[in-house]
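Read through the structure below, which is laid out as structure tokens, and then see the notes.
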Amino acid sequence: MKNIFRKLSIIFLTAVLVFTGCGQAAGGSAPAQESAPKEDTFVPRADDGRTVVGISMPDRLLERWNRDGYFLKEQFERSGFEVMLEYANNLIDTQISNLRDMINGGADLLVVTAVDGAAISGILEEAHRNGVRIIAYDRLIMNTDCVDYYVSFDNYQVGVLQAEYIIKALRLKSSRNVRNIEFVTGDPVDNNARYFYQGAFDTLKPYIDSGRLCVPSGQKGFYETATAQWSTDIAQQRVQIILNSYYPEGTRLDALLCANDSTALGAARAVISDYPGLNKVVITGQDADIANIYNILNGEQSMTVYKHLKRESVVTVSLGKDILEGNTPGENLIERAGWAFDCSYNTTDYNNGNKVVPSFLLHPIAITAENIEKELFETGYYGRNASGLIYAAK
């Protein structure tokens with residue numbers, strides 16, 4: 001039952017304090033004081049006998065969101081919470097509608113992977129007014145004070161790992177040969193895509209500036225290399241246009257820096273269909289999707305950045321439980337949780353335009369043909385059936 005008397009008491013006390021403060025200001029009799037730090041005036045949703053977690057995922061098209069949704073739902077339910085899980089089909093209005101249904105359905109906590117990180121601030125403000133805490137999951141939500149925490153991998157480091165692989169594969173540190181590269185970055189409305197891009201570009205920039213690494217198309221900026229909705233088809237079409245426009249027979253393409261695995265699939269298809277060269281093109285990726293694991297084993301993709309999604313959900317569930325117990329998690333959560341993996345607490349780098357969002361960041365790793373068995377199969381993340389087909393272990 002909702003604690004009406006407690007809520008009325010809070011409202012009454014707030015009104016008294018506001019009236020008293022205004023009286024002092026008008027009379028000018030209050031002594032001058034330093035401004036106190038802004039307090040969190042958030043009032044949790046009153047107890048109704050239920051503890052509800054709403055999980056809003058962007059779509060089912062990318063394999064990883066299906067896995068994330070399943071992992072999160074399973075682990076929150078194991079912890080005794082009621083869970084509402086919805087997918088937005090990559091539509092902003094659908095996600096807003098889903099979130100409103102969760103708020104009206106009694107959600108105490110929302111875990112949100114935004115379709116568009118800059119388009120849902122209004123519904124999140126509605127959530128906060130209704131006493132709901134908010135965790136931005138994997139994608140930072142922009143331009144709002146209502147995001148309480150952010151859980152993700154170190155997204156800048158994802159791009160660094162991709163670029164470092166290219167530097168090593170092309171021997172840029174030791175060879176005097178000029179190499180050619182093209183960039184296939186992510187969805188322009190996904191804030192994470194900017195971090196991936198920046199980590200990669202910052203790492204490769206010294207070689208581009210020195211002329212050791214060339215971009216024949218001239219397309220180097222984030223927006224001109226972006227791929228709407230991380231679409232495999234859009235990535236394939238763009239790479240095909242680049243190959244036909246800037247890589248006539250005899251012009252060598254050495255690397256395609258692709259931000260994730262869905263764009264890498266499109267890039268690999270374009271190379272197979274439209275690249276006249278005989279050399280193996282280095283292609284990066286991210287997410288360790290099954291189709292891309294086949295491509296790495298077949299030599300059609302060079303590497304992917306692996307993010308242990310179960311670990312991201314483990315951190316999110318631990319964080320959510322701590323929040324719902326009335327705590328204010330920080331570095332102490334990492335110490336108390338005792339996770340058997342690395343996670344950092346960051347309060348400086350992830351500014352959403354309104355505030356720096358306290359962030360729990362996990363560490364990604366590079367996957368190649370050399371370590372794929374150890375990291376993905378021996379750990380049980382993937383398995384093979386009797387026919388040798390790869391499947392996601394649950």
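Using alpha-carbon positions, what is the distance between the centroids of region 59-99 and region 154-174, in Å? Between the Cα centre of region 59-99 and that of region 154-174, the gap is 32 Å.
For ARG139, ARG64, the sequence from fewest to most other C-beta atoms within 10 Å is ARG64, ARG139.
What FRET efficiency comes out for ASN298 versus ALA118 if R0 is 25 angstrom and r is the Cβ-Cβ distance? Round to the nearest 0.05. Walk me through the numbers before you get to the answer.
Working: r = 38 Å, r/R0 = 1.54.
Approximately 0.05, to the nearest 0.05.
Checked against a 23 Å cut-off, the cross-linked pairs LYS73/LYS355; LYS173/LYS280; LYS220/LYS310; LYS321/LYS374; LYS307/LYS374 give Cα-Cα distances beyond that limit for LYS73/LYS355; LYS220/LYS310; LYS321/LYS374. Cβ crowding within 10 Å ranks ASP101, ASP59, ASP261, ASP187 as ASP101, ASP59, ASP187, ASP261, fewest other Cβ atoms first.
Legend: ranking of residues MET84, MET57, MET102 from fewest to most surrounding C-beta atoms inside 10 Å; resulting order MET84, MET102, MET57. Extension gain for the segment ARG129 to GLU249, taken as residue separation times 0.36 nm less the Cα-Cα distance, is 37.1 nm to one decimal. By the combined test of axial Cα extent (at least 24 Å) and Kyte-Doolittle hydropathy (mean at least 1.0), the qualifying DSSP H helices of the chain come to 4-27.
Can you bin the chain into rounded, prolate or oblate? Criterion: square roots of the alpha carbon gyration tensor eigenvalues sorted a ≥ b ≥ c, rounded for a/c under 1.5, prolate for a/b above b/c, oblate for the rest. Before the final figure, lay out the partial values.
On the way: a/c = 2.44, a/b = 1.83, b/c = 1.33.
Cα axes put the chain in the prolate bin.
If a/c stays under 1.5 just call it rounded; otherwise compare a/b with b/c (prolate if a/b is bigger, oblate if not). Do that for region 155-286, with a ≥ b ≥ c from the square roots of the Cα gyration tensor eigenvalues.
Values: a/c = 1.69, a/b = 1.07, b/c = 1.57.
The shape class here is oblate.
Using the alpha-carbon centroid of each, what span in Å lies between region 193-216 and region 242-284? What the calculation gives is 17 Å, centre to centre.
Note on region 155-286: with charges restricted to the Cβ of Lys and Arg (+1) and Asp and Glu (-1), its dipole about the Cα centre is near 560 debye.
Only helical runs count toward this figure. For the chain, summing -39,500 (n - 2.57) over DSSP H runs of n ≥ 4 and dividing by all residues gives -13000 deg cm²/dmol at 222 nm.
Let me have the relative contact order for the chain, percent, based on Cα pairs under 8 Å that are six or more residues apart. All intermediate terms of the calculation are to be shown ahead of the outcome.
Working: 700 pairs, mean separation 55.9, N = 394.
Rounded, it is 14 percent for the chain.
Every number here is computed from the coordinates shown, using simple stated rules; none is lab data. Since the structure is predicted, the reported quantities are computational estimates derived from the model, not experimental observations. With ideal geometry, Cβ positions are generated from the backbone for all residues, glycine too; neighbour counts draw on all protein chains shown.
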